[in-house]
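J.: Here it is, the structure in full.
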């Protein structure tokens, strides 16, 4: 069980606050400080698909050069982008019981943690 994200991300803050309010202790891995490795990304992608994991709505995506944003993005290109720019990973990423959940949804967390 582990939560991944960036500590100053509002959605990550909401997820962490939700967990703390329900006394759920959760190790946290900050992408910006500790990075992310390719094998971890590939494991998440195997469960969720790279399209769900690549955040095309955020500031990091908008700051990319137009040729990158408008070019062909496949799984390999998405992984390379996420390794080079961990802030482009949609967050938080929750690993729980060998499953991966992307983003924070209160009802999903309530179901997962029986709270």
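Laboratory data are not the source of any read-out in this text; all were calculated from the coordinates shown. Keep in mind the model is a prediction, meaning the values are calculated, not measured.
J.: Angle between the Cα long axis of helix 38-48 and the longest principal axis of the chain, 0 to 90 degrees, nearest 10?
T.: The helix 38-48 is inclined about 70 degrees to the chain.
J.: Give the relative contact order (percent, whole number) for the chain; include only Cα pairs under 8 Å separated by 6+ residues.
T.: Details: 124 pairs, mean separation 42.7, N = 115.
Relative contact order of the chain: 37 percent.
J.: Now a separate question. Counting only DSSP beta bridges with both residues in the stretch 2-113, what percent are antiparallel, rounded to the nearest 5?
T.: Looking only at bridges with both residues in the stretch 2-113, the antiparallel portion is about 75 percent.
J.: Would you kindly compute the Cα radius of gyration of the chain and its largest Cα-Cα separation (Dmax), both in Å?
T.: 14.3, 46
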